[in-house]
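The values are calculated or read from the model by the stated rules, or taken from the named source; none is laboratory data. Please read these numbers as outputs of a predicted model, since none were measured by experiment. Please note: Cβ atoms are built from the backbone with ideal geometry, for glycine as well, and neighbour counts cover all protein chains shown. What goes into the accessible areas is simple: the full protein's heavy atoms, side chains included, and nothing from ligands, DNA or RNA. Shrake-Rupley method; radii C 1.70, N 1.55, O 1.52, S 1.80 Å.
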Amino acid sequence: MAAALPPIRLLAAGSLRAALGEVAAAFDARTGLAVELVCGASGLLKERIAQGEVADLFASADLGNPEALAKAGLAGPVVLFARNELCAFARPEVTVSPETLLERMLDPAIRLGTSTPKADPSGDYAFQVFARAEALQAGAKAALEAKALQLTGGPASIAAPSGVNVYGHKLATGAADLFLAYRTNAEAIAREQPGLQLVRLPAGLSVGADYGLTVMAKASPNAGRLAMFILSRAGQEILAKHGFAAPTLPRDTN
């Protein structure tokens, strides 16, 4: 009797947990091939892979981390497989709109939360928002960088309780009044903390997130099948259902 194949090990950004969990289940149902999904901050996952942790695929919330592994000879070409965008989530008592968002972020009384740059691309994208703010108001970049509370995504960050959205938890517990995070958190936050507000970033501050997928150089033989499934119409439709922009879906011609 042939030995069972080990699961395909997919290391992925935390923001992909629900979407790729469903993708993995659909792939298993179609192929009989199990997937072990390991989620975390993309920058920290990249470091773990570089230090020798076993992985077959890496799905990152940016292109830079997987491209660094490819450049080091540890992974193959990087493919854009999903897009996200940054928005703001706010506590119920914070009066804020897209038009007043910069003013509120700069307000000394407002605790502004972000993820941790370099460890987590969400933090890097937040600091890109701060850089864009400089064009709208002189001194804004330095002021926002100085006051930003890097509450998530770092090696020493305090996690939320299991199964709870970390950004909604930080807001609900008062660790932050405003939090810059991915828009794909909206459904979980609305379900868990219905009083919290979602605020879209105005055009002058808007920052998008490009997600990169790569197959590792020493991947198991079936890793490529999973990668192709993620890029297929079935995989992309699942990503779209979870709020991601799915770049390989056919254009709607209706």
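Element breakdown for the chain at a 1.4 angstrom probe: carbon and sulfur atoms account for 55% of the accessible area.
Pairs from the table (Lys46/Lys147; Lys46/Lys71; Lys147/Lys170; Lys46/Lys141; Lys46/Lys118) lying more than 21 angstrom apart at Cα are Lys46/Lys147; Lys46/Lys141. Size of the stretch 1-159: Rg and Dmax of its alpha carbons, in Å, are 19.0, 70.
Taking 0.36 nm per residue of separation and subtracting the Cα-Cα distance, what length does fully extending Leu106 through Ala25 add? Walk me through the numbers before you get to the answer.
Values: separation 81, 0.36 × 81 = 29.16 nm, distance 4.34 nm.
Here the segment from Leu106 to Ala25 would lengthen by 24.8 nm.
Each label point was placed 7 Å from the Cα along the Cα-to-Cβ direction; for Arg225 and Lys118 their separation is 4.1 nm. List the chymotrypsin sites (Phe, Trp or Tyr not before Pro) in the stretch 1-98 that DSSP assigns to loop (not H, G, I, E or B) and whose Cβ has at most 11 other Cβ atoms within 10 Å. Which are they? When the chymotrypsin sites (Phe, Trp or Tyr not before Pro) of the stretch 1-98 are filtered for loop state and at most 11 Cβ neighbours within 10 Å, nothing remains. Looking at the chain, the DSSP beta bridges with both ends there are about 60 percent antiparallel. Rolling a 1.4 Å probe over the protein heavy atoms gives the stretch 103-165 an accessible area of 50 Å² per residue.
Which of the trypsin sites (Lys or Arg not before Pro) found in the stretch 152-249 are in a DSSP loop and have at most 15 neighbouring Cβ atoms, other than their own, within 10 Å?
Working: sites: Lys170, Arg183, Arg191, Arg200, Lys218, Arg225, Arg233, Lys241; in loops: Lys218.
Listed in order of number, the matching sites are Lys218.
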